1. Tell me, please, whether a residue that is more than 18 Å from B:Arg90 (Cα to Cα), among the basic types (Lys, Arg) and either within 7 Å of chain A (Cβ to nearest Cβ) or in contact with a helix residue (DSSP H, G or I) (Cβ under 7 Å, 6 or more places away or on another chain) (or both) can be found in the range B:179-196.
2. Any residue at all in the range B:202-224 that is touching a Lys or Arg at 6+ places or on another chain (Cβ under 8 Å), surrounded by 17 or more Cβ atoms within 10 Å (Cβ to Cβ), part of a loop (DSSP other than H, G, I, E, B) and among the hydrophobic types (A, V, I, L, M, F, W, C)?
3. I'm told B:Gly228 meets every condition in (1) closer than 23 Å to A:Arg40 by Cβ; (2) without any contact (Cβ under 8 Å) to a residue 12 or more places away in the chain; (3) at the interface with chain A (Cβ under 7 Å from one of its Cβ atoms) except one. Can you identify the failing condition by its number?
4. Sort through A:Val55, A:Val87, A:Val103 and tell me the only one that's of a type in the set (A, V, I, L, M), in a helix (DSSP H, G or I), under 25 Å from B:Phe65 (Cα atoms) and within 21 Å of the chain's Cα centre (by Cα).
5. Which condition does B:Ser106 not pass, out of (1) under 28 Å from B:Leu177 (Cα atoms); (2) among the small types (Gly, Ala, Ser); (3) out of contact with any Phe, Trp or Tyr (no Cβ under 6 Å at 6 or more places or on another chain), if it passes all the others?
6. Whether any residue in the range B:39-48 is in a helix (DSSP H, G or I), at pLDDT 85 or above and either aromatic (Phe, Trp, Tyr) or under 24 Å from B:Leu144 (Cβ atoms) (or both) is what I want to check.
7. Which residues, taken from the range B:206-220, are hydrophobic (A, V, I, L, M, F, W, C) and at pLDDT below 85?
8. Under the condition of being among the small types (Gly, Ala, Ser) and surrounded by fewer than 17 Cβ atoms within 10 Å (Cβ to Cβ), which residue from the range A:65-94 is farthest from the other protein chains (Cβ to nearest Cβ)?
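The values are calculated or read from the model by the stated rules, or taken from the named source; none is laboratory data. All of these numbers come straight from a predicted model, not from anything done at the bench. Note that we place each Cβ from the backbone using ideal geometry, even for glycine, and neighbour counts take in every protein chain shown.
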Amino acid sequence: MTSKVAALIGCAGLSTYLMRLIPLVLTSRRVTAKQTLSPRLQGFLAAVGPSFVAVFVVYSILPAGGAKIVPLQVAIKILALLPVAFVYQKTGNFGSSVLAGLVGYGGLYLLAGA
Amino acid sequence: MTSEVQAVQKGAWSLWREGLQGAQPIMIGYFPVAVMFGISTRTAGLGVLDALAMSLFIFAGASQFALVGMLASGVSFPGALIATVGLNLRHLFYGPAIAPMLGLTSWKQALPVAHGLTDEVFASALALLPRHSITERTALLLGLETGAYASWVLGTLVGALCFQAAAELTPALVPVLSFSLPSLFLVILLPLLKGRGAASALVAAVVATALLLSGFSTAALLAGGISGSVLGAFWGRDDD
């Protein structure tokens, strides 16, 4: 490992860690001190989860990084999410829902020769 | 050691194990991607130690791949660092969203929790933590993070050590196994789709899709997440 690579890994690791740690500590302090968060901030924080998870879903379906969109691949992913939703609605179980997605996607992937 | 303390410790271990079990979908999704990361690090001319250090100390998939690409193409130190920080800006929002669920009483408790707060762990925590009392959640989250971290580090090591054999095997496995992550995100999203959550998710998804299709893939993640959250701030206080 060269010193440049080591320094870069150290700085990147530290910056990533601090971006996760500092907001967590600051918000925990406010919560522990029972300082009331404004209704706007409460609404904002309540919406962070659904918003980012929805973006993760989009991100995991559409190709990122300027890659060309292949409609068939996107269609396969969307179709393979249907058994996931179906099994989750029926069972409420994460593991079996994810497994249904893997089986569905694997089957469609093989069928399409994608 | 009193029996009361032992009981508390046993509870924490069993919660940690429960968190670890909850991490299984993440582990299935992470492992092949981490193997690919290990391979890409070696093919970029970096060593096993470089790959391992990145996964141990950074633990952020997208920025690790970007960093390897930048190192391979000779991007300057400040440029690579700024790009990494930019890619990880979204992490600023995870702590504030999750802190009210954890009730951490000191900054020391936040130290181990913060390192494992990746996209997938954050999303899984949103679904897993509310099912437990506030005193149980930190141990659960740590179990979730341990599973994800172990899978990522181990996958990197396998990819970096056996990169020639792994390169032949993983391209066939990556697309199928990595589909566990979209599946996981969907099952986490479904119960959040009520009132404010549904409106925020819809706006976030539309903004992210529009930006992704326009080629702004890095901005898409952050802009989508923020736009949905801002809508949530102005939604009112009725229906959570």
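1. Scanning the range B:179-196 turns up at least one residue that is more than 18 Å from B:Arg90 (Cα to Cα), among the basic types (Lys, Arg) and either within 7 Å of chain A (Cβ to nearest Cβ) or in contact with a helix residue (DSSP H, G or I) (Cβ under 7 Å, 6 or more places away or on another chain) (or both).
2. no
3. Failed condition: (2).
4. A:Val55
5. Unmet condition: (1).
6. No, every residue in the range B:39-48 fails to be in a helix (DSSP H, G or I), at pLDDT 85 or above and either aromatic (Phe, Trp, Tyr) or under 24 Å from B:Leu144 (Cβ atoms) (or both).
7. Here is the first cut: in the range B:206-220, the residues hydrophobic (A, V, I, L, M, F, W, C) are B:206-208, B:210-213, B:216, B:219-220.
Across the range B:206-220, the qualifying residues are B:Phe216, B:Ala219, B:Ala220.
8. So, considering only residues that are among the small types (Gly, Ala, Ser) and surrounded by fewer than 17 Cβ atoms within 10 Å (Cβ to Cβ), the one farthest from the other protein chains (Cβ to nearest Cβ) is A:Ala75.
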